[in-house]
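The values are calculated or read from the model by the stated rules, or taken from the named source; none is laboratory data. Here the structure is a predicted model, which is why all the values come from computation and not from measurement. Ideal geometry is used to build each Cβ from the backbone, glycine not excepted, and the neighbour counts take in all protein chains shown.
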Amino acid sequence: MATQKIPLELTVNGEARQALVHPMARLLDVIREDFGLTGTKEGCGEGECGACSVILDGSLVNACLVPAVQAQGSTLRTVEGLAGVDLSPLQEAFLHHGGAQCGFCTPGMLVAGTHLLETDAVQDEAKAREGLSGNLCRCTGYVKIVDALLAAREGRS
Amino acid sequence: MKDYAHIGRSVLRREGRAKLTGAALFTDDLKIEGLLYGATVRSREPRGRIKGIHFEEGFPWEEFIIVTARDIPGKNVVAHLQQDQPCLADGVINHAEEAIVLLAHPDPLRVQDARARVRVDVEPLPTVLSIEESLACDPVIWGQDNVFKTILITKGDPDGARVKGHFQLEATYRTGAQEQLYIEPNAMIGEATAEGVLVRGSMQCPYYVHHALHEMFHLPLEKIRVVQVETGGGFGGKEDYPSMLACHVALLSWKAGGRPVKIAYDREEDMACTTKRHPSRTRIRSAFGADGTLLALDVELILDGGAYMTLSPVVLSRAAIHASGPYRCSNLRVHAQALATNTPPHGAFRGFGAPQSLFAIERHMDEAAQHLGLDPAELRRRNLLHTGDAMATGQIMRDEVDLVALMDRALTEIRYAEKRASYPTLNAGDDPVKRGVGFSVFMHGGGFTGSAESTLNSVVALEGTAGGRVRVLAASTEMGQGANTVFTQVAAEALQAPVDLIEVVPPDTALVPNSGPTVASRTTQVVGKLVLDAGLAMRKTLLEAGLLADGDVAAAIRTYVARHGALRTESRYQKPDFVEWDDATYRGDAYATYAWACYAADLRVDLVTYETQVADFVAVQEVGRVLNPTLAAGQIEGGVAQGIGWGLNEEVIWRQGSMANHQMSNYLMATAADLPRIRVFFEERPYAYGPGGAKGLGELPMDGPASALLNGVQHALGLVPRQVPLTPEVLMDLVEGA
C-alpha cells in the first residue's frame, strides 16, 4: 500500500514553496530532493556535524533531525539564501580568510555563523568558538572560520 | 628570496565562491535521470566460511538488481599493490564488514529495507584480532606467517653500542586506529556496459580507480573513464577505498544494463567499513653517553594492517624511515613489520606511518631526558641533525636547515623556559588542574618514497585555448587542500600571466594525463613542479613564435592557436640528479627533501575529570617557500587539529574486529570550542627542485602534536604516558596505577 503523502507549504529563502512529502521525510530530504537545494549537506544524519544547519523560523536547527511536516507554514533559510547579488559579508570574510577548504561543512558553518551574527552571539573569540561548536570541520582546525566570523562581526572581510 | 608576481601570495581559493554559495556540487548532489540506489550486504563475523546466501521468501526480489562475486566479468579483486583483496567476498570472510552482496533499486528506502532481508550464513573460523595474536600466528590468516612486509634498516653496530652506553632505556609505545572523518562520506556513481565504464565520485586518485576497474572488468583501458567530482575531504581515506566503491557501483550498473547506480554511504557505514590509520606498537631500546649523546637506537615497529595488504607496505616504509626522528645516530636498527589481522584493512591517513614512529621516538626522547637529568630541549640540542649529517638510510642531509633554531623559535613562542620552571611549583598546590608544557621535533619526507616517484613517471599538460586561456591538465585532485589554487599560481607565474587566465580542469581520465595519486605531500612539490615546467615550455613556445613582444599572454595564445590549431605542452617527472635509492638494502635518498618542524603545547590536565585541554599550541615549520600563506597555514592548522584528536580523544573501539563506535556521537572529534588558536609560523628556505622553492607540507602537521601533548603530560604529572589516544580513561588508569 502506497503511503499517503502530505502537502507541505513553506517559505524558502523568501519564496513560497510546496511539496508532497512522505510522512517520515526529514526536512533535510525535502530541502535537497524536493526543493533541489543541495547546498545543505548530510554529514552524519544524527545532528552531530551540523553540515545540514538551516534557519527555521529564526532558530538554528539541524535539518536531519527535523521531521519535514513539522516545518509546515514555516520560514526557512538555507545557504543558497545568504548571498544577494554579492556575497554576504560573512561569505566574503570566509573567502578572504580561507574559512572554506573542502567546502562540505561550509554551508552549515555559514548558516550557523549568520545566525550567530544576527543574534549578536559573537562578542569575542570564546563566544564564537562556543557558538560554532555544533558544526564540525575536519579541514581547518577552525582558526580561519573563527577569524572570518570575527571579521564579519566587525564589518571587515 | 626571489620576488614573484603570484607565488608567495594568498591568492583566493579558486573554487571558493562555489563552495560558499552552495553551488559546488558533490557526488550526492548530482541529479541523474534513471538513477538506481545501491546498498551493500556485509559480513558480521570477522572470519569464516560462507555457507549460503538467503533471500527472504515472499519479498519481491525481481524488482532489485542483485550482484554477488559470480557476476564479476573479470577478476574478483580490488587491485592495489597485491591482488589479495576481493571486490566481493567469495566463499571466505576475512574481516567484519566485508562486502558480500550488492543490491540496487530505484527507491532508496526500498533498497535499505531489502538489505536487512538478505541473510548470509557463515561458519565462524578462529580469528586474529590484535598485533600479539598475529605475531603468534595463531592462526595464520594471511600468507605463511601473517606478515605483509618486513623492512630492516641498519647502520653501524647497534647491539655493541648499546652495551657500551652510559645509560640505556627500553620502552614500548602504542597508537590506536584513527578515522579520517572527512565530512563528506564516500560516494560514487557508476555506469557500465561492455561499450564503456564511467565512474564519477569522491576520490583522491582517479588513476588508482581507473586501474582497479580495468582489472575487475578486463576491458581495454580506453573504455574506462573516471571523473573526480568535488570531494569533501580525503586525508588518505579516499586514496584506496574509492577503488572498492567504484567497482561496486560499476558492477551493479553492469548487471542493470548500464543504468546509473549510486552508492552514497551514510556516516555509520562509512566509519564501520572504510580504512583507518594503522594501529601500531613500537619498542625502542636506546643508549646514550654520559653527555646525552644518542649512541644507539634499536627500534622494533609493528603496524596492524587489517585483513588485506592494500597500502600497508608503503605505510610501513614511511614509518620505518622516519623511526629515528630528526637525530644523528651512528648505530641503529629499525625492524618494521606490517601484519594481518581480521579487521577491515587499515589504509592511508595523513602522515602515512610517520605519525606512529615519530610519536614513539619523540616520547622516548623526553623519557630519556628525564632519566639523564637533562631538559628535553637540551637533550635534543645535543642530538639534532645538522646539514651534512647522515640520516638513518645513509642519506646525507642536504637541506640547509637549522633545527636547533627552529626548535628555539617554537620554545620562545610558547614561553617554554619560564613555564618549564614555574609549573612544578604551581602544580604542587591543591588545584586539581595541573599544567604542563611539551614539544616535539620532527620531519616529513615529501613525495613518494625512494625510487617510487620515478616509477610513477608523472605527466602534466598545459593547453592554450582558442579564447586565449590556459587549461592545466593533471590527475591531481582538489579535496580542500588547495591544489586548484596552487596550480593556478604556479602556471600563472611560469607564463607571466594573470591568474584569471588559468583554469585547472577537473580530473577526468579521458582528458588529463596521469600526474599520479594525490597523496604523500607530493601535489605541490612534485606535480606543481611539472605544472611550472609545462608553463615555462609554453612560454618558450610563445616567445619563439615571436608572439610575446607586448607581454599579452592571452593574445599570444589566441594568435598561436589560430595559426597552428592547438597549443599544448607537457612535462614529465625527472628526479633530482642527486637522488639515489636502493630498495633492496633501504640505503640512499629516501626522499628528495624533507619538511622540518617543532611543535609545542601548553596544556592543562584536570585530575578530577582526567581531561587534557590544550591551552596554547605553537607550530613552527620549514616547508621551503610558502606558495600561498593562507592555504598553507590552513593546512597546518587542520593537520594539528587532527593530530590533537589522535593524541587525546579519537578512540576507535574494536569489538570482534568491528568499529563499535562508528558514529560521530561516540567517536569524538574536536569542535571549535575544544581547541585553542593554533599559532603557525613558517621558516622559508626555498627548495631548489620545488616550484618556486616549495616543499610538500600537507602531512607534516599530523606528525608532531601527539608526542608534544604527551610530553606536556609527562611534565605536568611526572608520569610517562606511552599510548595514544590518551583518553581520560587511559589517563585515570595511569594516574591511579602510579
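Entry remark, region B:626-645: residues being within 7 Å of another protein chain (Cβ to nearest Cβ) and of a type in the set (Gly, Ala, Ser) number 3 in total. Of all residues in region A:117-144, those satisfying the criterion of being in contact (Cβ under 8 Å) with a residue 24 or more places away in the chain and within 15 Å of the chain's Cα centre (by Cα) are A:LEU117, A:GLY134, A:ASN135, A:LEU136, A:CYS137.
Looking only at region A:145-157, residues that are surrounded by fewer than 24 Cβ atoms within 10 Å (Cβ to Cβ) and touching a residue at least 24 places away in the same chain (Cβ under 8 Å) come to 7 in all.
Within region B:137-157, can you find the residues that are modelled with pLDDT of 95 or more and farther than 16 Å from B:LEU301 by Cα? Result: B:CYS137, B:PRO139, B:VAL140, B:ILE141, B:TRP142, B:GLY143, B:GLN144, B:ASP145, B:LYS155, B:GLY156, B:ASP157.
The numbered conditions (1) in a strand (DSSP E or B); (2) within 30 Å of B:ARG363 (Cβ to Cβ) are all true for B:GLY447 except (1).
Residue-by-condition table, conditions (1) within 9 Å of chain B (Cβ to nearest Cβ); (2) part of a loop (DSSP other than H, G, I, E, B):
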site	(1), (2)
A:ILE55	no, no
A:GLN70	no, no
A:GLU130	yes, no
A:LEU136	yes, yes
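Going by the conditions given, is A:THR140 of a type outside the set (Lys, Arg) and either surrounded by fewer than 21 Cβ atoms within 10 Å (Cβ to Cβ) or assigned to a loop (DSSP other than H, G, I, E, B) (or both)?
Taking the combined requirement at face value, the residue satisfies it.
Taken over region A:9-44, the criterion of being over 17 Å from A:GLN70 (Cβ atoms) and in a loop (DSSP other than H, G, I, E, B) is satisfied by A:ASN13, A:GLY14, A:GLY36, A:LEU37, A:THR38, A:GLY39, A:LYS41, A:GLU42, A:GLY43, A:CYS44. Residues of region A:7-65 that are in contact (Cβ under 8 Å) with a residue 24 or more places away in the chain, surrounded by 16 or more Cβ atoms within 10 Å (Cβ to Cβ) and of a type in the set (Ser, Thr, Tyr): A:THR40, A:SER53. Among residues that are more than 28 Å from the chain's Cα centre (by Cα), crowded, with 22+ Cβ neighbours inside 10 Å and over 22 Å from B:ALA96 (Cα atoms), B:LEU20 is not included.
Residue count for region B:61-115, restricted to those that are out of contact with any strand residue (DSSP E or B) (no Cβ under 7 Å at 6 or more places or on another chain), under 29 Å from B:ILE141 (Cα atoms) and of a type in the set (Lys, Arg): 2.
When region B:259-287 is filtered for residues that are closer than 29 Å to B:LEU135 by Cβ and not charged (D, E, K, R), the ones remaining, listed by number, are B:MET271, B:ALA272, B:CYS273, B:THR274, B:THR275, B:HIS278, B:PRO279, B:SER280, B:THR282, B:ILE284, B:SER286, B:ALA287.
Quick grid of which residues meet (1) within 23 Å of the chain's Cα centre (by Cα); (2) not charged (D, E, K, R):
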| position | (1), (2) |
| --- | --- |
| B:GLY450 | yes, yes |
| B:LEU462 | no, yes |
| B:GLY468 | no, yes |
| B:ASN484 | yes, yes |
| B:GLU503 | no, no |
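Pick from A:GLY108, A:GLY99, A:GLY113, A:GLY103: which is of a type outside the set (Lys, Arg), more than 10 Å from every other protein chain (Cβ to nearest Cβ), surrounded by 24 or more Cβ atoms within 10 Å (Cβ to Cβ) and touching a helix residue (DSSP H, G or I) at 6+ places or on another chain (Cβ under 9 Å)? Testing whether each residue is of a type outside the set (Lys, Arg), more than 10 Å from every other protein chain (Cβ to nearest Cβ), surrounded by 24 or more Cβ atoms within 10 Å (Cβ to Cβ) and touching a helix residue (DSSP H, G or I) at 6+ places or on another chain (Cβ under 9 Å) leaves just A:GLY113. What's the number of the condition B:ALA104 fails, among (1) surrounded by fewer than 21 Cβ atoms within 10 Å (Cβ to Cβ); (2) hydrophobic (A, V, I, L, M, F, W, C); (3) in a strand (DSSP E or B)? If we test B:ALA104 against (1) surrounded by fewer than 21 Cβ atoms within 10 Å (Cβ to Cβ); (2) hydrophobic (A, V, I, L, M, F, W, C); (3) in a strand (DSSP E or B), just (1) comes out false. Among the residues of region A:75-93, not one is at pLDDT below 95 and facing chain B (nearest Cβ under 7 Å).
For region B:642-657, the set of residues classified as buried (at least 21 other Cβ atoms within 10 Å of the Cβ) and over 22 Å from the mean Cα position of the chain (by Cα) consists of B:GLY657 only.
Within region B:142-207, considering only strands (runs of 3 or more DSSP E) that don't extend past its boundaries, which have at least 2 residues that are outside the structural domain of B:ALA104 (by TED's automatic domain parsing)?
B:147-155, B:167-175
Annotation: of all residues in region B:433-468 being touching a strand residue (DSSP E or B) at 6+ places or on another chain (Cβ under 6 Å) and surrounded by fewer than 19 Cβ atoms within 10 Å (Cβ to Cβ), the one that is modelled with the lowest pLDDT is B:SER451.
Mind checking which residues of region B:211-266 are assigned to a loop (DSSP other than H, G, I, E, B), in contact (Cβ under 8 Å) with a residue 24 or more places away in the chain and more than 14 Å from every other protein chain (Cβ to nearest Cβ)? Within region B:211-266, B:HIS218, B:LEU219, B:GLU239, B:ASP240, B:ALA256, B:GLY257, B:GLY258, B:ARG259, B:PRO260 qualify. Say whether the condition of being surrounded by fewer than 21 Cβ atoms within 10 Å (Cβ to Cβ), farther than 24 Å from B:LYS276 by Cα, within 14 Å of chain A (Cβ to nearest Cβ) and of a type in the set (D, E, K, R) is met by at least one residue in region B:112-125. Yes, that holds for at least one residue. The numbered conditions (1) away from every other protein chain (no Cβ under 13 Å); (2) under 28 Å from B:GLY480 (Cα atoms) are all true for A:GLU15 except (2). Looking across region B:528-552, the residues that are under 29 Å from B:GLY624 (Cα atoms) and touching a Leu at 6+ places or on another chain (Cβ under 6 Å) come down to B:ALA534, B:GLY535, B:MET538, B:ARG539.
Name every residue in region B:1-36 that is part of a loop (DSSP other than H, G, I, E, B) and facing another protein chain (nearest Cβ under 8 Å), in order of residue number. Those that are part of a loop (DSSP other than H, G, I, E, B) and facing another protein chain (nearest Cβ under 8 Å): B:SER10, B:LEU12, B:ARG13, B:GLU15, B:GLY22, B:ALA23, B:ALA24, B:LEU25, B:LYS31. Applying the set (1) within 14 Å of chain A (Cβ to nearest Cβ); (2) buried (at least 24 other Cβ atoms within 10 Å of the Cβ); (3) in a loop (DSSP other than H, G, I, E, B); (4) not aliphatic (A, V, I, L, M) to B:TYR591 leaves exactly one unmet item: (1). Is at least one residue of region B:73-87 β-branched (Val, Ile, Thr), touching a residue at least 40 places away in the same chain (Cβ under 8 Å) and in contact with a Gly (Cβ under 9 Å, 6 or more places away or on another chain)? No, that holds for no residue. Considering region B:267-285, the residues that are under 22 Å from B:GLY647 (Cβ atoms) and in a strand (DSSP E or B) include one that is nearest to the other protein chains (Cβ to nearest Cβ), namely B:SER280. Can you find, within region B:660-693, the residue that is nearest to the other protein chains (Cβ to nearest Cβ) among those that are touching a Pro at 6+ places or on another chain (Cβ under 8 Å) and not in a loop (DSSP other than H, G, I, E, B)? Once the filter is applied, the top-ranked residue is B:PHE682.
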